[in-house]
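Undergrad: My questions will all concern the structure given below.
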Amino acid sequence: MKLAFVGGTGPEGLGLAMRFAKAGHEVAIGSRSAERGEEGAERIRETVPGAVASGGDNASVVGDADVVFLTFPYSGQQATLDALSGALAGKLVCNVVAPLEFQQGVGAVALNVAGSSALQEAIAQLPASRVVSAFQNMSAEELQHLDHQIEADVLVCGRDAEAKQLVIGLANQIEGVRGIDAGGPSQSRYVEMLTSLLINLNRKHKTQSSIRIVGL
């Protein structure tokens, strides 16, 4: 498939794109400027032998994508989705956004979202798209170390069962990763909030932690 990454020049977007390019998918890296998008694509091509990667501005990379990943900070979600709502109509959209901020002396802090979760806000802004959430809890640094197998579960939330299964299938293509259906949009709040906990654990213990769900 062709996978597009809106805001894909950040560490999370690049990491996911690298892993999916390694799995054989075509990737497109989007940014607010076409030049930065192409720089991100060039990094993918340099890192992943044989990768098919292109770059451009956010609006241009989503046009022919089979799946669009939103990989920008939460602070940019409303404005970015307002600008792209038309281009994303009919698309399967995977929201990787985790609402958090960094406070001095505290670390990462999960933000309270009026709509309960970033996913629910994205669904409201993209009524013509099929929106799910996933991959918020994966370490961007670990994703970019392609020689390391990642041991992690990816919790996928949303109301579109078919869309969730497609994203679960993509997650399963990353070596060591298992995708899990975590329920409806309201469950995404808890998955998103875990991100700040993992970031703080990683800083405290100087590691790259992830989550595993046992018993499934």
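Undergrad: Kindly establish whether Ala98 is assigned to a loop (DSSP other than H, G, I, E, B), in contact with a Ser or Thr (Cβ under 8 Å, 6 or more places away or on another chain) and of a type outside the set (Ser, Thr, Tyr).
TA: Considered against the rule, which asks whether it is assigned to a loop (DSSP other than H, G, I, E, B), in contact with a Ser or Thr (Cβ under 8 Å, 6 or more places away or on another chain) and of a type outside the set (Ser, Thr, Tyr), Ala98 comes out as yes.
Undergrad: Taking the stretch 144-175 as the search range and keeping residues that are of a type outside the set (Val, Ile, Thr), in a loop (DSSP other than H, G, I, E, B) and in contact with a helix residue (DSSP H, G or I) (Cβ under 8 Å, 6 or more places away or on another chain), which one is most open to solvent (accessible area, probe 1.4 Å)?
TA: Taking the candidates together, the pick is Arg159.
Undergrad: Given the conditions (1) in contact (Cβ under 8 Å) with a residue 40 or more places away in the chain; (2) over 15 Å from the mean Cα position of the chain (by Cα), and given that Leu14 satisfies all but one, which numbered condition is not satisfied?
TA: Tallying (1) in contact (Cβ under 8 Å) with a residue 40 or more places away in the chain; (2) over 15 Å from the mean Cα position of the chain (by Cα), Leu14 fails exactly one: (2).
Undergrad: Is it fair to say Glu141 is part of a helix (DSSP H, G or I) and modelled with pLDDT under 95?
TA: Yes; evaluated as a whole, the condition is true for this residue.
Undergrad: Output the residues belonging to the stretch 14-69 that are surrounded by fewer than 20 Cβ atoms within 10 Å (Cβ to Cβ) and basic (Lys, Arg).
TA: Lys22, Arg32, Arg36, Arg43, Arg45
Undergrad: Further, regarding this structure: Any idea which residue in the stretch 201-216 is surrounded by the fewest Cβ atoms within 10 Å (Cβ to Cβ), counting only those that are touching a residue at least 12 places away in the same chain (Cβ under 8 Å) and over 13 Å from Asn137 (Cβ atoms)?
TA: Leu216
Undergrad: On to the next question. Checking the conditions here, which among Gly105, Gly76, Gly90 is open to solvent by 50 Å² or more (accessible area, probe 1.4 Å) and within 25 Å of Leu170 (Cβ to Cβ)?
TA: Gly90
Undergrad: A follow-up question, please. Could you give me the residue pairs with C-beta distances under 7 Å whose first residue belongs to the stretch 154-176 and is among the aromatic types (Phe, Trp, Tyr), whose second residue is surrounded by fewer than 24 Cβ atoms within 10 Å (Cβ to Cβ) wherever it lies, and which are 6+ apart or on separate chains?
TA: Within 7 Å, no pair qualifies.
The values are calculated or read from the model by the stated rules, or taken from the named source; none is laboratory data. Predicted model only: the values in this text are computed from it and were never measured. In this analysis, Cβ positions are derived from the backbone assuming ideal geometry, glycine residues included, and neighbour counts consider all displayed protein chains. Surface areas here come from the heavy atoms of the whole protein model, side chains and all, with no ligands, DNA or RNA. Shrake-Rupley method; radii C 1.70, N 1.55, O 1.52, S 1.80 Å.
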